[in-house]
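Heads up: the structure comes next, in structure tokens.
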Amino acid sequence: MSARRGTTTPPVPDVFDPRLYAAGVPHERYRVLRDHHPVAWQDEPGVLGWPAGPGFWAVTRHADVVRVLKDAATFSSHLGATQIRDPDPGDLPFIRRMMLNQDPPDHGRLRRLVGRAFTPKRIARFEARARERARALLDAGVERARAGDGTFDVVTAVTDDYALLNLADLLGVPPDDCGLLLHWTRRVIGYQDPDEAAETAGAVPPGRAPGNTAAPVNPRSPAMLRDMFDYARALAAHKRGHPADDILTTLATDAELTTPELEMFFFLLTVAGNDTVRSAAPGGLLALSGNPRAYGRLRHGTVGMATAVDELLRVHPPVLSFRRTAARDTELAGVRVAAGDKVVVFHASAHHDERVFTDPHRLDLARSPNPHVAFGEGPHVCPGAHFARLQLRVFHEEVVRALPALRLAAPPRRLVSHFINGLKSLRLEVPA
């Protein structure tokens, strides 16, 4: 990457190693790929206890990312599922049950079923409750900071609980069980991070099964999801006898939905429905903390909050990458891709593509149009995107009320992951 542009084509930089992302999104590496290697072969060495894989094509330009996401016939979610690392062959039929890992037309059937539960009318009723939660959590964090050293960790004090309580409310999970939702989310999302893996698996090393020091276990495998699925079935049985106005009641009483499908919906909604907001909310604050002028405009209402939320999602997308598998021989950006090859799109790179976004590294809260792909594109666009946007809008409205300035008290601690753009800690200063 040291070669001068215009003279020698720089080598292909690595964007696979999850440890890179603990230092921040590798934007300079993405730029090199977009400019010189828009569809680039990436090796997949063994790392953090996980075995080596066959490698994959990294797709980094916005237009190519959108093409891959829209063309499910060529770039399949079903063949190898949607994570970079290949699942164990014995687990693949199980993983394919999830809507996220299916292609049309099967995907469309499940999407229609969950769409009956994820209605805008139902979600809109949650706005007042979400606002109450955001206000109470922020005020408590500020109060504790003022009584202590003048700082608080917005992740552990506010955004983790905010995302969890909203999700529990929508799903119909009792508030006392929110800790289970967080545990399952961290176990699935944070498996690449040694700190997260150790905390959610006791003394078990990252990616290892209890009592087994040799073979890593995918946290999406049947063995690692058994406790979540047991809980989902028990809660669904309770909802059938005690129906309520929540998503799990709708799913549990839908005659078209099988028990395995219900389990997978609970898994998907628990993890994706939680971690989208859990990652995006502190990520938005991190972006704003580095742009006090933009934050001032937001506080004074000179930019619209809905537009600002989309820009914050562009700058800090909750998902960094998604994998597809080529269903047939094809060509992408002039590169021949063989059937069976893994093809991985990088959202954060697409969001900073100069071919689409003017001055992409500038935070422009009034940016319009803003064709980001934070919630996906094509048949797999997130069915809960409107719910996530509502939560983020309410959250930031309460932030500007509670905090006259956003100043970091310490560098953020980032998740070790090439999948989720997560923050483990974001400590803010509170003015006296």
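The values are calculated or read from the model by the stated rules, or taken from the named source; none is laboratory data. Keep in mind the model is a prediction, meaning the values are calculated, not measured. Cβ atoms come from the backbone with ideal geometry, glycine included; neighbour counts cover every protein chain shown. Quick note on the areas: whole protein, heavy atoms, side chains included, nothing else; ligands and nucleic acids left out. Shrake-Rupley method; radii C 1.70, N 1.55, O 1.52, S 1.80 Å.
Observations
- Per-residue extension of 0.36 nm, minus the Cα-Cα distance of Ala23 and Asp176, leaves a gain of 51.6 nm for this segment.
- Convex hull volume per residue for the stretch 80-137, taking Cα atoms only, in Å³: 131
- Kirkwood-type radius of the stretch 284-391, with distances r between different C-alpha atoms, in Å: 15.6
- Over the chain, Cα pairs under 8 Å with separation of 6+ residues give a relative contact order of 26 percent.
- Once the gyration tensor of the Cα atoms in the stretch 1-101 is diagonalised, the equivalent ellipsoid follows with semi-axes of 28, 18, 11 Å, ordered largest first.
- Using the rule -39500 (n - 2.57) for each DSSP H run of four or more residues, divided by the residues of the chain, the 222 nm mean residue ellipticity is -13500 deg cm²/dmol.
- Which of Glu397, Glu263, Glu132 is most accessible, then next, and so on - probe 1.4 Å: Glu132, Glu397, Glu263
- Relative contact order [Cα under 8 Å, 6+ residues apart], the stretch 291-432, whole percent: 28
- Net +/- balance of residues flanking Thr159 in space, Cβ distance below 12 Å, scoring K and R +1, D and E -1: -2
- The heavy atoms of Lys70 offer some 120 square angstrom of accessible surface to a 1.4 angstrom probe.
- Carbon-plus-sulfur accessible fraction, the chain (probe radius 1.4 Å, protein heavy atoms only): 54%.
- FRET efficiency estimate (nearest 0.05) - Cβ-Cβ, Arg355 to Ala124, R0 35 angstrom: 0.45
- Across q = 0.12, 0.14, 0.18, 0.26 Å⁻¹, the stretch 334-402 modelled as identical point scatterers on its alpha-carbon atoms has Debye log10 I(q)/I(0) values of -0.50, -0.65, -0.96, -1.24, in the order of the q list.
- Treating r as the C-beta distance of Glu331 and Ala385 and R0 as 35 Å, the FRET efficiency rounds to 0.70.
- Listed by chain and number, the lysines placed with their C-alpha closer than 24 angstrom to that of Lys239 are Lys121; residues fewer than eight positions away on the same chain are left out.
- Projected label distance in nm at Asp43 and Asp227, using a 7 Å step from Cα toward the beta-carbon: 3.8
- Set against the 2.2 N^0.38 Å expectation for a compact globular protein, the stretch 258-324 has a Cα radius of gyration ratio of 1.48.
- Simple spin-label estimate for Arg131 and Asp88 gives 4.9 nm between the two label positions (7 Å along the Cα-to-Cβ direction from each Cα).
- For Lys70 and Ala147, a Förster radius of 56 Å and the Cβ-Cβ distance give a FRET efficiency of 0.60, rounded to the nearest 0.05.
- Average accessible surface area per residue within the chain, 1.4 Å rolling probe, Å²: 40
- Compactness of the stretch 228-293 as Cα Rg over 2.2 N^0.38 Å, two decimals: 1.57
- Projected area, mean over directions - the stretch 56-192, Cα convex hull, nm²: 12.1
- Once the Cα gyration tensor of the chain is diagonalised, semi-axes √(5λ) in Å: 31, 29, 22
- Taken along the Cα-to-beta-carbon direction at a fixed 7 Å, the label points for Arg297 and Ala140 span 3.5 nm.
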